[in-house]
Amino acid sequence: MLRDAILETLQAQDLATAAVARSTGLACPPNCGRCCDNPAIEALPLEMIPLARRLTAEAAAGNTESAAIIAEARNPDSTWDVCAIYDHHGGGKGRCRRYEERPSLCRLFGYSGWLNEFGRPQFSACFHHGAIQPEEVKRASLLTAAQGVSLPLHEEVDEALIATGRQYGVPTELLERKPINEALRLALDWVLPG
């Protein structure tokens, strides 16, 4: 099933980032959520399908919060400037109201990297990690440079997700990065056509 295949890929990233955390000593501050306060966060609509399915199931069961999230996400005049499932006041783990279905960027942020201009993995530190854990960030960068840590890479996760989407015949528009709430809207439109 598509939802399970997507979640399997995403959950593998949780294991990879946990290994980076163990190897480096990096840790997010409890209930931080500062990374979620960024309106530029992007996701593949494909990876938002598990969240869209959960929200629709919860709304069908009478969950008014999920119904409100769906209504606002599908509203073309929405004024949301941060992720639809981010709770500014705490609540879920790290302030995410649907932590188990969060997309890859949320799973990888602060514990992963990108390929640099030379095609080599480069650690991408969270600004707040750098401010409160400078030694751990330095260690993570050095371990990555020395190839001592297997660093999860955003490009590789995207490639795996896109391959899954193609395998299941998902439309191309769901395989291109979009601002996170637009990605959720597209996933909801796919899950709830019409």
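The values are calculated or read from the model by the stated rules, or taken from the named source; none is laboratory data. What you see is a predicted model; the values in this text were computed from it and never measured. FYI the Cβ positions are ideal-geometry reconstructions off the backbone, even for glycines, and counts take in every protein chain you see. What goes into the accessible areas is simple: the full protein's heavy atoms, side chains included, and nothing from ligands, DNA or RNA. Shrake-Rupley method; radii C 1.70, N 1.55, O 1.52, S 1.80 Å.
Could you tell me whether the range 89-97 includes any residue that is in contact with a strand residue (DSSP E or B) (Cβ under 8 Å, 6 or more places away or on another chain) and more than 24 Å from residue 176 (Cβ to Cβ)? Talk me through it step by step, then tell me what you get.
Initial filter on the range 89-97 (in contact with a strand residue (DSSP E or B) (Cβ under 8 Å, 6 or more places away or on another chain)): 95-97.
Checking the rest, the ones that are also more than 24 Å from residue 176 (Cβ to Cβ) come to 95, 97.
Checked against the condition, which is being in contact with a strand residue (DSSP E or B) (Cβ under 8 Å, 6 or more places away or on another chain) and more than 24 Å from residue 176 (Cβ to Cβ), the range 89-97 yields at least one hit.
Can you go through 77, 81, 14 and tell me which one is more than 18 Å from the chain's Cα centre (by Cα) and of a type outside the set (S, T, N, Q)?
From the options 77, 81, 14, the qualifying one is 77.
So which pairs qualify, if the first residue must be in the range 175-194 and among the charged types (D, E, K, R), the second must be assigned to a strand (DSSP E or B), the Cβ gap must be under 6 Å, and the two must be at least 6 apart or on different chains?
Short answer, once both residue conditions are applied: 177/42.
Can you name every residue in the range 6-59 that is assigned to a loop (DSSP other than H, G, I, E, B) and either open to solvent by 10 Å² or more (accessible area, probe 1.4 Å) or more than 18 Å from residue 109 (Cβ to Cβ) (or both)?
Within the range 6-59, 25, 27, 28, 29, 30, 31, 32, 38, 39, 40, 41 meet the criteria.
Please enumerate the residues belonging to the range 60-78 that are not small (Gly, Ala, Ser) and not in a loop (DSSP other than H, G, I, E, B).
Of all residues in the range 60-78, those not small (Gly, Ala, Ser) come to 63-65, 69-70, 72, 74-77.
The answer is 64, 65, 69, 70, 72, 74.
In this structure, does residue 66 turn out to be over 18 Å from the mean Cα position of the chain (by Cα) and hydroxyl-bearing (Ser, Thr, Tyr)?
So residue 66 fits the description; yes.
Look through 165, 169, 119, 113 and report the one residue that is surrounded by 14 or more Cβ atoms within 10 Å (Cβ to Cβ), among the small types (Gly, Ala, Ser) and outside any helix (DSSP H, G or I).
Checking each option against the conditions leaves just 113.
Of all residues in the range 122-142, count the ones that are open to solvent by 40 Å² or more (accessible area, probe 1.4 Å) and either in contact with a Leu (Cβ under 6 Å, 6 or more places away or on another chain) or aliphatic (A, V, I, L, M) (or both).
5
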